[in-house]
Amino acid sequence: SSGINAEWPLRPGLYEVSGGIIAKLPKSFDTEAALRKYPTKYTQSMNTVLVQEMGRFNILLETVRHSLINLQKAIKGLVVMSQELEQVAKSVINGKIPDLWMSKSYPSLKPLGSYVNDLLLRLNFLEDWYENGVPSVFWIAGFYFTQAFITGVKQNYARKYTIPIDTLAFDYAVLDDGDDTSKPPDDGSYVNGLFVDGARWDRERGVFGESTPKVLFDTMPTIWMKPMKKVEIPDDPIYWCPVYKTSERRGTLSTTGHSTNFVIDMRLPSDKPEMHWVLRGLALLCQLDD
């Protein structure tokens, strides 16, 4: 595509938009400093989770940063506008996430502006954790590789009580909005940041209820993920509620053998037969599309 350099600078706002995103991006995480502050510890698997998440986000952050810096150079004619950069440019103009970024990213169906804001919130979540210590409530939607966090919660419990990890599963308690979560629970973890799709959480009754007309998604209160022996999990009336990263609800198996989109099934209280919610497609989502 010869003559592209003559054409692209005329695209109004491309240089400014890419510059605006670059300006918002924080510097990459210092994973060596993080490893010193949060060393690998037998009793606290979350240290490893934090450092590994920082590494994953660094790769994405550098991909975003370098592609936009090179795009600006190409607009100025300082480097050749490669096909890859051209694709980044077209995506930025159209307000979409470039494929180059998605190849290094967690799943997302958001438009470009919302994606950048969401990425910044995730980076902030890890930065807060690094600065202030293990959070009392984990933003479960903010992880790159959620499975590592879920395994870490189980591992901490297994090691604390010397129980084989494969004999454990989770029980779940949905907290009231006013419950004190300023300190972590003795066992398990508090998690938040999920959205209800296909129903709403009835805060009065503590079960799922029918969606409010014209309200597509409801926010889920904080959930306490409690590891316990599979044989000890109570036999309450529940709905096995799937948790997905996006509304797409399908994913491919990644190299780790985990789905790229499905996270976990949560046992959550229900006073209706399971089929009632299956027909409504009830699920929890880590992020919305907007």
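Near the amide H of residue 266, within less than 5 Å, lie the amide hydrogens of 241, 243, all on another chain or at least 5 residues away, with H placed in the peptide plane. Annotation: per residue accessible area for the range 1-156 equals 48 Å², rounded to a whole number [probe 1.4 Å, protein chains only].
Extending 7 Å from Cα along the Cβ direction at residue 65 and again at residue 248 yields two label points whose distance is 2.7 nm.
Taking all C-alpha pairs of the range 157-288, those more than 19 Å from each other amount to 55 percent. Relative contact order, percent, of the range 195-235 when contacts are C-alpha pairs under 8 Å separated by at least 6 residues? Result for the range 195-235 is 38 percent. A Cβ-based charge dipole, computed about the Cα centre of the range 189-255 with Lys and Arg at +1 and Asp and Glu at -1, lands at about 240 debye.
Under the criterion of Cα pairs below 8 Å and six or more residues apart, the relative contact order for the chain equals 17 percent.
Under a Gaussian network description of the chain, with springs only between Cα atoms under 10 Å, the residue in 168, 194, 126 that fluctuates furthest is 168. Of all the options 193, 19, 152, the one that moves most in a Gaussian network model of the chain with Cα springs shorter than 10 angstrom is 19.
If you plug the beta carbon distance of residue 127 and residue 25 into 1/(1 + (r/R0)^6) with R0 = 22 Å, you get a FRET efficiency near 0.95. Net charge in the neighbourhood of residue 176 (other residues with Cβ under 11 Å of its Cβ; Lys, Arg +1, Asp, Glu -1) is -3.
For the range 1-122, what class follows from the C-alpha gyration tensor (a ≥ b ≥ c being the square roots of its eigenvalues): rounded when a/c is under 1.5, otherwise prolate if a/b is larger than b/c, else oblate? Note, shape of the range 1-122 comes out prolate.
Rounded to the nearest 500, the 222 nm mean residue ellipticity of the chain from helices alone is -11500 deg cm²/dmol, with -39,500 (n - 2.57) taken per DSSP H run of at least 4 residues. Charging the Cβ of each Asp and Glu at -1 and of each Lys and Arg at +1, and nothing else, the dipole of the range 16-109 about its Cα centre rounds to 200 debye. Just the protein heavy atoms count here, and of the accessible area of the chain at 1.4 Å, carbon and sulfur take up 54 percent. Annotation: extensible slack from residue 265 through residue 43 equals 77.3 nm (criterion: 0.36 nm per residue apart, minus Cα-Cα distance).
When Lys and Arg each count +1 and Asp and Glu each count -1, what net charge do the other residues less than 12 Å away from residue 68, Cβ to Cβ, add up to?
Neighbourhood net charge equals +1.
GNM, the chain, Cα, under 10 Å: largest mean-square fluctuation among 200, 65, 36? Fluctuation is largest for 36.
The values are calculated or read from the model by the stated rules, or taken from the named source; none is laboratory data. Everything numeric in this text was worked out from a predicted model, so none of it was measured. Virtual Cβ from ideal backbone geometry, glycine too; neighbours counted across all protein chains shown. Just the protein is used for accessible areas: all its heavy atoms, side chains included, with ligands, DNA and RNA removed. Shrake-Rupley method; radii C 1.70, N 1.55, O 1.52, S 1.80 Å.
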